[in-house]
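In what follows, a structure is listed as structure tokens, so that the remarks can point back to it.
Nothing in this text is a laboratory measurement; each read-out follows from the coordinates by a stated rule. Here the structure is a predicted model, which is why all the values come from computation and not from measurement. We place every Cβ from the backbone using ideal geometry, glycine too, and count neighbours over all the protein chains shown.
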Amino acid sequence: MHNVAKYKRQKSEMVEEIQQLEHQLEQLKDKLAQSSRHIDWHQLAEPDKFQRLKPSRKRLIDTIKMIAYRAETALVNIVREKLSRKDDARSLIRDLCVSDADILPDIDAGVLTIQVHSMANPRANRAIEHLLEYLNDSEFKYPGTKLRLTFRLAAPASISSEIR
């Protein structure tokens, strides 16, 4: 009998605690419903206010973003020529832009070679090789130098190990 009384006392204490917590939860929900969803700029504390861009800086940043998007689109259009699934071109170019590459200068020959590491699959490698051939045909000079930029795709690790 003693255990039953102890159990009932503990249960009633827990029920009372749960009711108190539910009451606190309802109060917090009411307080949240009454609070504003947005804070006006003048209500922010000074350290919390971010620095706004001046209109000329914003225009410059927007112009850079637009140029980068147009350059990406031009690369995408070149790569699409070799892809059966045209929708994969933009993601392939994004992968190319974040992939590793080696910069190999040859000052005597006047060449700066960019060696792009192999992509995830042979299909992607073929499309990227097509892009690199197009870029090589353009014979770009590295800005501020007389070095001609050349691009090439590095052999995948499995092929380079077979060559050795």
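Before moving on, here are some points about what is shown:
- Conditions (1) exposed (fewer than 10 other Cβ atoms within 10 Å of the Cβ); (2) in a helix (DSSP H, G or I): number failed by LYS8: (1)
- Scanning the stretch 75-113 for residues that are small (Gly, Ala, Ser) and loosely packed, with under 11 Cβ neighbours inside 10 Å turns up just one, SER84.
- Residue count for the stretch 117-145 satisfying the condition of being small (Gly, Ala, Ser) and in contact (Cβ under 8 Å) with a residue 12 or more places away in the chain: 4.
- Taken over the stretch 37-58, the criterion of being more than 26 Å from the chain's Cα centre (by Cα) and among the aliphatic types (A, V, I, L, M) is satisfied by ILE39, LEU44, ALA45.
- Filter pass, LYS65 being in a helix (DSSP H, G or I) and farther than 30 Å from ARG126 by Cα: no
- Residues within the stretch 44-55 that are surrounded by 10 or more Cβ atoms within 10 Å (Cβ to Cβ) and of a type outside the set (D, E, K, R), tallied: 2
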